[in-house]
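A short worksheet on the structure shown next.
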């Protein structure tokens, strides 16, 4: 039996989905290199075979149908599309040998949240949105991801920019329509500068004007999902944002503004803080934030370099398990360890995520799911976790001694008390349940 080092445990759990039996020895040789190699290799496993693009989904299953019977049928189709998308996503997380990349994809999808709570069609298009706007840029440049996200139909619909019209535009004057500030506000508050990032309400209004006309058409084929610029809805003229005048015409005006926001110092600090909070600690120290932000600014948002600096931070390798796995991470890590029991199908996984209140692309606000540990550790949520672990253990065929498995999987951080309880469990299934529900396994 090969017991992992503390650094291997940290790499696997803090930056991945936990270990699978059999891969520990390889990672223990050099955990940092294991993480670096994932960044340098890039995403090896494509996702999307047999899945609908955003354009195809809107063309084939238009949400504009008015008939009550058609709407009911569409809701069923949207649910099926969502479930297929999430099953493909979940299976990739289970089987990937690049878990750090998958964690990064999920970090950015949460940072740039869309939510099916607003409409069934957004739930259906969520997987395509992640494949088209997030995955291609997760190891690229932040400005490219920002542009892809803000011009994707899912975001334009979710934050109402398709309804935003310049008051002095042709459409605004003809139909007496006006601005919708939702997307502009969230770009500044949640996607780039962050609260306290130096913008004002006047900047929100200016950015809303700058991105008027950003809409979509399902008949436009391409990786952007059907983005379409409508110059008849764009607010004409020069606009000022953060003290700079933007005088380019049409879509180029918005592109220039977003590229500037992408490399702003406030954006660098905001993104750096969120990365550290997600992976390492609820209370990022300013020295670590500034180190990451400096790399972000000096590289103009080169995310590979930012991730490498994240790995190099001293706090990344401290032993304390301050963070708790989200319910999604807990389910993935548990099944990566035990294998998918024959009595579990993906419908049960969906039900589990609903029970644990962590359905993908179903956050209650544009801020996404919380990254603070305290928001995931209420008495009720902890009880639900324990019950879920007990159920999984009951359904799992386990041949190994749970004590030996615990020494292998959580050995570097396990307390003697936990190991003793596992060793005294009346059955192997009981021992496995204790391992899965232990603080050492639940935290990262």
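Name the one entry in 209, 228, 175 that is at pLDDT below 95, buried (at least 16 other Cβ atoms within 10 Å of the Cβ) and out of contact with any helix residue (DSSP H, G or I) (no Cβ under 6 Å at 6 or more places or on another chain).
Details: 209 fails: at pLDDT below 95; 175 fails: buried (at least 16 other Cβ atoms within 10 Å of the Cβ).
Unique residue meeting the criteria: 228.
Among the residues in the stretch 321-331, are any crowded, with 16+ Cβ neighbours inside 10 Å, modelled with pLDDT under 95 and touching a strand residue (DSSP E or B) at 6+ places or on another chain (Cβ under 6 Å)?
From the stretch 321-331, those crowded, with 16+ Cβ neighbours inside 10 Å are 321, 323-331; that's our starting set.
Narrowing the set further to residues that are modelled with pLDDT under 95 leaves 321.
Filter again for touching a strand residue (DSSP E or B) at 6+ places or on another chain (Cβ under 6 Å), leaving 321.
Yes: the stretch 321-331 contains one or more residues that are crowded, with 16+ Cβ neighbours inside 10 Å, modelled with pLDDT under 95 and touching a strand residue (DSSP E or B) at 6+ places or on another chain (Cβ under 6 Å).
Select from the stretch 44-60 the residues that are at pLDDT 85 or above, closer than 30 Å to residue 307 by Cα and in a loop (DSSP other than H, G, I, E, B) and list them in ascending order. Write out each step before concluding.
So the first thing to find is which residues in the stretch 44-60 are at pLDDT 85 or above, and the list is 51-57.
Filter once more, keeping what is closer than 30 Å to residue 307 by Cα: 51, 53-54.
Of everything in the stretch 44-60, those that are at pLDDT 85 or above, closer than 30 Å to residue 307 by Cα and in a loop (DSSP other than H, G, I, E, B) turn out to be 51, 53.
Report yes if residue 24 is under 29 Å from residue 312 (Cβ atoms) and modelled with pLDDT of 90 or more, otherwise no. Break it down into steps so the answer makes sense when it comes.
On the way: under 29 Å from residue 312 (Cβ atoms): yes; modelled with pLDDT of 90 or more: no.
Against the criterion (under 29 Å from residue 312 (Cβ atoms) and modelled with pLDDT of 90 or more), residue 24 does not qualify.
Answer yes if at least one residue in the stretch 61-78 is at pLDDT 90 or above, in contact with a helix residue (DSSP H, G or I) (Cβ under 7 Å, 6 or more places away or on another chain), within 30 Å of residue 277 (Cβ to Cβ) and crowded, with 19+ Cβ neighbours inside 10 Å, and no otherwise.
Checked the stretch 61-78: no residue is at pLDDT 90 or above, in contact with a helix residue (DSSP H, G or I) (Cβ under 7 Å, 6 or more places away or on another chain), within 30 Å of residue 277 (Cβ to Cβ) and crowded, with 19+ Cβ neighbours inside 10 Å.
Is there a residue being assigned to a loop (DSSP other than H, G, I, E, B) and closer than 25 Å to residue 11 by Cβ anywhere in the stretch 417-435?
Looking only at the stretch 417-435, we keep the residues that are assigned to a loop (DSSP other than H, G, I, E, B), and these are 424-427.
If we keep only those that are closer than 25 Å to residue 11 by Cβ too, we end up with none.
No.
For the subset of the stretch 239-267 comprising residues that are over 21 Å from residue 151 (Cα atoms) and part of a helix (DSSP H, G or I), which member is nearest to the chain's Cα centre (by Cα)?
266
Residue check: is residue 35 within 26 Å of residue 412 (Cβ to Cβ) and touching a helix residue (DSSP H, G or I) at 6+ places or on another chain (Cβ under 6 Å)?
On the way: within 26 Å of residue 412 (Cβ to Cβ): yes; touching a helix residue (DSSP H, G or I) at 6+ places or on another chain (Cβ under 6 Å): yes.
So residue 35 fits the description; yes.
In the set 157, 149, which member is assigned by TED's automatic domain parsing to the domain that holds residue 48, within 21 Å of residue 299 (Cα to Cα) and part of a helix (DSSP H, G or I)? Spell out how you get there, then give the answer.
Values: 157 fails: within 21 Å of residue 299 (Cα to Cα).
Every option except 149 fails the conditions.
Of the residues 144, 97, which is at pLDDT below 95 and either at negative phi or surrounded by fewer than 20 Cβ atoms within 10 Å (Cβ to Cβ) (or both)? Outline the logic, then answer.
Numbers: 144 fails: at pLDDT below 95.
Result of the check over 144, 97: 97.
When the residues of the stretch 179-205 are filtered to those that are outside any helix (DSSP H, G or I) and surrounded by fewer than 16 Cβ atoms within 10 Å (Cβ to Cβ), which remaining residue is nearest to the chain's Cα centre (by Cα)? Before the answer, list the steps.
Step one: of the stretch 179-205, the residues outside any helix (DSSP H, G or I) are 179-181, 192-200.
From the residues that got through so far, the ones that are surrounded by fewer than 16 Cβ atoms within 10 Å (Cβ to Cβ) too are 195-196, 198, 200.
Numbers: 195: 20, 196: 23, 198: 26, 200: 28 Å.
It comes out as 195.
The values are calculated or read from the model by the stated rules, or taken from the named source; none is laboratory data. Every value quoted in this text rests on a predicted model; they were computed, and no experiment measured them. Cβ coordinates were reconstructed from backbone atoms using ideal geometry, including for glycine residues, and neighbour counts include every protein chain displayed.
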